[in-house]
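Presented below is the structure to which this report refers.
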Amino acid sequence: MPVPDESRWTTLGRTTVHRGRVALVDHEVRLPDGSRSRYLVDESVPFSVASLIIDGDDVLLAWQYRYPLDRWIHDLPGGAGRTDEAPVEAARRELDEELGIVPDDLRPLHTFFMNPGRASWPTHLFISTGGVRAGLADLSDPAEQVRLVRIPLSELDAMIAGGTIVDPPLIVARAVAAAQGILPPLGVASEERSR
């Protein structure tokens, strides 16, 4: 069987076409066949973080309005990292700012790319299963009002299966936690609860 060509593109130049809360960079590239093309890349942040917090039988989630969807959704607390902080520091900061909680243990779970076709940054997922303490939520931004909600793991599984959960980091974190044996497989929590 022939080996597929896995040649990479060569970046010839970069031009920032928009910088605000979102940064879009136009890349001029040379393709493997020698031709030139342009490719627009979202380079808004160096990385993002999100944390799956398990407290007893409950998952602690953010409940917030997401303007692009024009609806309130459950999602993992998290956000953009800064160039001067490590991902775990960013995750701790976001948990305190958004939900007003400080996890007793916070450890790496997985790293993935939310939109590898257009965005260049990784999303670092973290998990905590060792309890939480009260922190101090930051309520100063009227455009970012986040509420902490507790949802039993079995209910979260039902919401994922039913299509109610639309946050990719939450779905990925739940699946990875199950694959690593940290949480039961998706749907098993609801079966155990019904017994």
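Using the Karplus curve 6.51 cos²θ - 1.76 cosθ + 1.60 with θ = phi - 60°, work out ³J(HN,Hα) for each residue of the range 77-91 in order, rounded to whole Hz, and write x for Gly and Pro.
x, x, x, 7, x, 9, 4, 9, 9, 6, x, 5, 5, 4, 5
From the residues LEU183, ILE73, SER48, which one has its Cα farthest along the dipole of the chain in the positive direction, the dipole being from +1 and -1 charges on Cβ of Lys/Arg and Asp/Glu about the Cα centre?
SER48
Percent relative contact order of the chain, based on C-alpha pairs within less than 8 angstrom and at least six residues apart? All intermediate terms of the calculation are to be shown ahead of the outcome.
Details: 386 pairs, mean separation 38.6, N = 195.
About 20 percent, as a whole number.
Can you list the residues, at least 5 places off or on another chain, whose amide H is less than 5 Å from the amide H of ALA119, using H built in the peptide plane?
ASP42
Let me make sure I get this right: for the chain, a, b and c are the square roots of the gyration tensor eigenvalues over alpha carbons, sorted descending. Under 1.5 in a/c it's rounded, otherwise prolate if a/b > b/c, else oblate. Which is it?
It comes out prolate by the Cα gyration axes.
Can you pull the accessible area of HIS124 for me, 1.4 Å probe, Å² to the nearest 10?
Number for this one is 40 Å².
Please list 3J(HN,Hα) in residue order for the range 138-148, calculated via the Karplus relation 6.51 cos²θ - 1.76 cosθ + 1.60 where θ = phi - 60°; whole Hz, with x for glycine and proline.
The phi angles translate into 9, 9, 6, 9, x, 8, 10, 9, 10, 10, 7 Hz.
I need the phi-derived Karplus couplings for the range 14-20: 6.51 cos²θ - 1.76 cosθ + 1.60, θ = phi - 60°, integer Hz, Gly and Pro marked x.
Calculated HN-Hα couplings, in order: 9, 9, 6, 9, 7, 9, x Hz.
Which of the chymotrypsin sites (Phe, Trp or Tyr not before Pro) found in the range 106-173 are in a DSSP loop and have at most 16 neighbouring Cβ atoms, other than their own, within 10 Å?
Numbers: sites: PHE112, PHE113, PHE126; in loops: PHE113.
Passing sites in the range 106-173 are PHE113.
With every protein chain present, what is the per residue accessible area of the chain (1.4 Å probe, Å²)?
Details: 11250 Å² over 195 residues.
Per-residue value: 58 Å².
Taking the Cα centre of the range 88-146 as the origin, how large is its charge dipole in debye, to the nearest 20, when only Lys and Arg (+1) and Asp and Glu (-1) carry charge on their Cβ atoms? Provide the component values of the computation, followed by the final result.
Numbers: 5 positive and 10 negative charges, 62 e Å.
Magnitude of the dipole: close to 300 debye.
Placing unit charges on C-beta atoms (Lys and Arg positive, Asp and Glu negative, everything else neutral), compute the dipole magnitude of the chain about its Cα centre in debye, rounded to 20.
Values: 20 positive and 29 negative charges, 99 e Å.
Here the chain has a charge dipole of around 480 debye.
The values are calculated or read from the model by the stated rules, or taken from the named source; none is laboratory data. Here the structure is a predicted model, which is why all the values come from computation and not from measurement. A quick note on method: Cβ atoms are made from the backbone with ideal geometry, for glycine too, and the neighbour counts reach across all protein chains shown. These accessible areas exclude ligands, DNA and RNA; they are computed on the full protein's heavy atoms, side chains included. Shrake-Rupley method; radii C 1.70, N 1.55, O 1.52, S 1.80 Å.
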